[in-house]
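Below is one structure, written out as structure tokens; the observations come after it.
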Amino acid sequence: MNQDTEIADDEHDEETAREVSWRTKSIGLAPVDLDDAELLHHWRADPAAAHEIGIWPRSLTAMRERIERDGDDADRDDFLVLLPDSTPIGHIALSGQDFVNGTAQVELMLAAEHRGNGHGTHALDALVDLAFGELPMHRLTAETHTDNAAALAVLATSGFVREGISRAACLHRGRRHDLAVFSLLRPEWEALTRPRAWDA
């Protein structure tokens with residue numbers, strides 16, 4: 001490899017590197033931008049993700065419009081979940097932020113090929129640390145289908161407490177699904193013994 005090739009590779013790395021706004025030892029969170037529309041569209045089209053999250057695939061144009069709209073929403077922050085080598089593996093969001101009451105909802109979706117490796121827990125922990133460590137949140141909530149075993153496990157591992165069931169709250173593919181409702185309060189987060197994002 002000659003010097004010109006090395007310089008070209010360095011310039012390429014700088015162009016493709018994402019601005020990581022929040023980092024832990026194992027993952028980083030980078031703000032979603034319009035160029036991510038195709039990737040998010042691909043992830044949402046996965047049948048397993050569509051069922052577990054209770055969504056349906058939309059057009060790529062609709063995804064771009066949604067990213068633009070969400071980008072203007074002061075009550076919402078959307079991030080790509082990145083591995084240390086900048087590989088994008090999922091999407092996570094802090095939505096419905098109410099700074100008066102200190103409440104928000106967390107949303108998480110991982111690419112199919114990156115599930116089952118603990119990345120979901122690490123991403124959720126990072127977002128929780130952001131919400132409680134940098135933002136004035138007091139209560140975070142999350143909802144998932146009662147048969148979504150992976151999501152239920154991630155929420156429990158991250159310290160979320162199951163509050164109850166919203167019966168028949170989600171319609172997906174002609175069937176009604178119950179939603180499990182979880183929450184995590186600031187004092188509960190403070191009592192967790194795991195390292196915080198900034199400790200990494």
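State yes or no: is S158 in contact with a helix residue (DSSP H, G or I) (Cβ under 7 Å, 6 or more places away or on another chain), open to solvent by less than 70 Å² (accessible area, probe 1.4 Å) and either on the phi < 0 side of the Ramachandran plot or touching a residue at least 40 places away in the same chain (Cβ under 8 Å) (or both)? Answer is yes for this residue.
Name every residue in the range 4-58 that is of a type in the set (G, A, S) and either at positive phi or modelled with pLDDT of 65 or more (or both), in order of residue number. If the condition is that a residue be of a type in the set (G, A, S) and either at positive phi or modelled with pLDDT of 65 or more (or both), then A17, S21, S26, G28, A30, A37, A45, A48, A49, A50, G54 are the ones that fit. Screening the candidates R186, R194 for the property of being farther than 27 Å from A74 by Cβ and either in contact with a strand residue (DSSP E or B) (Cβ under 9 Å, 6 or more places away or on another chain) or of a type in the set (K, R) (or both) yields one hit, R194. For the range 126-174, a residue qualifies if it is under 16 Å from the mean Cα position of the chain (by Cα), of a type in the set (D, E, K, R) and within 22 Å of A48 (Cβ to Cβ), and exactly one does: E143. Counting only residues that are open to solvent by less than 50 Å² (accessible area, probe 1.4 Å) and aromatic (F, W, Y), the range 61-113 holds 1 of them. Does L130 qualify as being part of a helix (DSSP H, G or I) and modelled with pLDDT of 95 or more? Judged against the criteria, L130 is a match. Among the residues of the range 179-200, write down those that are part of a helix (DSSP H, G or I) and either modelled with pLDDT of 95 or more or open to solvent by 70 Å² or more (accessible area, probe 1.4 Å) (or both). Within the range 179-200, R186, P187, E188, W189, E190, A191, W198, D199 meet the criteria. In the set (1) at pLDDT below 90; (2) in contact with a His (Cβ under 8 Å, 6 or more places away or on another chain), the condition left unmet by T61 is number (2).
Quick one: is L124 open to solvent by less than 60 Å² (accessible area, probe 1.4 Å), at pLDDT 95 or above, under 19 Å from A191 (Cα atoms) and in contact with a helix residue (DSSP H, G or I) (Cβ under 8 Å, 6 or more places away or on another chain)? When the stated conditions are applied, L124 passes them.
The values are calculated or read from the model by the stated rules, or taken from the named source; none is laboratory data. Small disclaimer: the values here were computed from a predicted structure and weren't measured. Don't worry about glycine lacking a Cβ; one is built from the backbone with ideal geometry, like all the others, and counts go over all protein chains shown. Protein only, heavy atoms only, side chains kept; ligands, DNA and RNA dropped before computing areas. Shrake-Rupley method; radii C 1.70, N 1.55, O 1.52, S 1.80 Å.
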